[in-house]
């Protein structure tokens, strides 16, 4: 079995760090988008009971997605 050189191991480590950072950035953007959706839903005001029910359902969905990201 051939040993890997320290240079290759270092490059693999750097590549893994870059992938992890990119995944973290994607997750952060998703979280930010969901938080903006949540704020938008919370800012809506209506006296229509059906609209309120739809907003409540949308808010629950967004909060569930946020919980899944955390």
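The numbers here are math on the coordinates, done by the rules we state, and not lab data. Note that this is a predicted model, so its numbers are computed, not measured. Please note: Cβ atoms are built from the backbone with ideal geometry, for glycine as well, and neighbour counts cover all protein chains shown.
Could you tell me whether the range 34-43 includes any residue that is assigned to a loop (DSSP other than H, G, I, E, B) and free of Cβ contacts under 8 Å to residues at least 12 places away in the same chain? Can you show your working first?
Let us first name the residues in the range 34-43 that are assigned to a loop (DSSP other than H, G, I, E, B), namely none.
Looking through the range 34-43, none of the residues is assigned to a loop (DSSP other than H, G, I, E, B) and free of Cβ contacts under 8 Å to residues at least 12 places away in the same chain.
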Inset, instruction - Count, please, the residues in the range 48-64 that happen to be assigned to a helix (DSSP H, G or I) and exposed (fewer than 13 other Cβ atoms within 10 Å of the Cβ). - result: 8
